[in-house]
Structure formats: structure tokens, C-alpha cells
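Please read the structure below before turning to the comments.
The values are calculated or read from the model by the stated rules, or taken from the named source; none is laboratory data. Only a predicted model underlies this, so the values are computations on that prediction, with no experimental measurement involved. Neighbour counts are summed over all protein chains in view; Cβ atoms, including those assigned to glycine, are modelled from backbone coordinates with ideal geometry. Keep in mind that these areas ignore ligands, DNA and RNA; they rest on the heavy atoms of the full protein, side chains included. Shrake-Rupley method; radii C 1.70, N 1.55, O 1.52, S 1.80 Å.
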Amino acid sequence: MPLIEVTNLTKVYKDEEVETAVLHGVSFTIERGEFVAIMGPSGSGKSTLLHLIGFLDDYTSGSYRFNNIEAREYDDSKTAAIRNQKLGFVFQSFNLLPNTTVLENVKLPLLYSQFPESEWSDRAMKAIRSVGLEHRALFDSTRLSGGERQRVAIARALVCDPEVIFADEPTGNLDSKSGGEVINILQKLNEESGHTVILITH
């Protein structure tokens, strides 16, 4: 049974009288433990697709099954729980909180989790170690390099131990060396920890 099963998925945005179709009958499956790259030029609908399968937006028609349950069968509270517990997100722009430490940034998803507060620091440090930044744990995140900030974002995505990591153009703001390090971390998480990784890239 696939972890993710998408069948004839469409997305149409409506703006007053204008309809803009972004996705046209997309179908694919993703198994647990796969590393999948979704590739295409800018404007081809990659990020829209990620938002749909990441429960950040609703599709227009077709079917999206996650863990063999149709996405629209989940109510709002269950959808929020899936985003927090099952999915981790890494974005091109890092989305870190300013004027906070690396540790505080990585702890953030735990505020909305089922994990007791007594475990938060240990969980966050484990995630920070997994991306090689334990020596930066108490640094202000805005003082880090772009590559380091993206590694903080990956640690934050990992802290609730999700099944799936969605990485939307995670190297888009990085030089080639830092970008290569980020891709290597994602590959390691897939190969050694068994995370399903879905990478959006042009």
C-alpha cells in the first residue's frame, strides 16, 4: 500500500471571473522510504503540488490518499495533527524566527506536538546533531550562513520525527557547495533513518 497515492489530481485557482488551471490530472504513487524528486521549470506547478500533498491547500478534483485514507476525509484537527506529526517542511527561504537561537527555532514544532515539554530540549538537540550543528545550538539563527540556516530548517522539520520530509527548492538560495551539503543531509536521512523525502527542484 503506497504512502501517497495521487490520481487525476487537478488544481484550478479562481480569481473573480478568471480561472487558472495549474495542475491537469496528475497521477503517481510514492512508497514509504522513497527519495523522490519532482522536477520542472518555474511556474509548472511543483510548489502547488507540494502544498496539496502536504495538506497546506485543497485540490479541485481527483483523489489524494495518504496512508490509504482520502485527504478530504480528515477533519481540520486531524489535518493539523498530520502536518505536525507526520510531515516536515523545508522551504527555500528557511522561514526561521528572527532573534532566536538555533535551539529555540528547532523546538518550535514541539509546542504543538504531543511530546511532553520535558523531552523538548533532548529532541531538539538530537535533530540539531543530525545536521551537524550542535556547536551552533545557542547561536542567534540570523548570524548563520545560508547553508547553516537551511540545516536548521531541516532540523526543525525533523524534530517531531515525521514520516515524510517535503523540501521545496531547498538549495535555491544557496551556493553550490552549501546546496550539495543540504542534498547530502537529505540523502542521509533517507538512507539511514528511513524518512520518505520529496524534493521539489528545477
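Couple of notes before you dig in:
- Net charge dipole, region 1-61: roughly 240 debye, given to the nearest 20, about the Cα centre with Cβ charges of +1 for Lys and Arg and -1 for Asp and Glu.
- Three-way shape label, region 89-202, alpha-carbon gyration tensor, a/c 1.5: oblate
- Residue-count net charge about Val131 - beta-carbon cut-off 12 Å; Lys, Arg +1, Asp, Glu -1: +4
- Computed with a 1.4 Å probe on the full set of protein chains, the accessible area for Tyr13 sits at about 90 Å².
- The dipole here belongs to the chain: it is taken about the Cα centre, uses +1 on the Cβ of Lys and Arg and -1 on the Cβ of Asp and Glu, and is about 520 debye.
- Considering only Asn84, Thr171, Gly146, and ranking their Cα positions along the charge dipole of the chain that arises from unit charges at the beta-carbon of Lys, Arg, Asp and Glu, the one farthest toward the positive end is Gly146.
- For the chain, the tally of Lys pairs with Cα-Cα distances below 25 Å comes to 18, considering only residues 8 or more apart or on different chains.
- The distance linking region 18-70 with region 126-195 is 23 Å (Cα centroid to Cα centroid, whole angstrom).
- Order of exposure, largest accessible area first, which applies to Val182, Val18 with probe 1.4 Å: Val18, Val182
- Charge sum, other residues only, whose C-beta stays under 15 Å from His24's C-beta, Lys/Arg counted +1 and Asp/Glu -1: +1
- Reported label for calculated Rg and Dmax of the Cα atoms in Å given (1) 17.2, 54; (2) 15.7, 48; (3) 20.8, 61: (1)
- Charges were assigned to the Cβ only: +1 to each Lys and Arg, -1 to each Asp and Glu. The resulting dipole of region 52-166 about its Cα centre is roughly 380 debye.
- With all pairs of separate Cα atoms included, region 30-94 yields a Kirkwood hydrodynamic radius of 13.3 Å.
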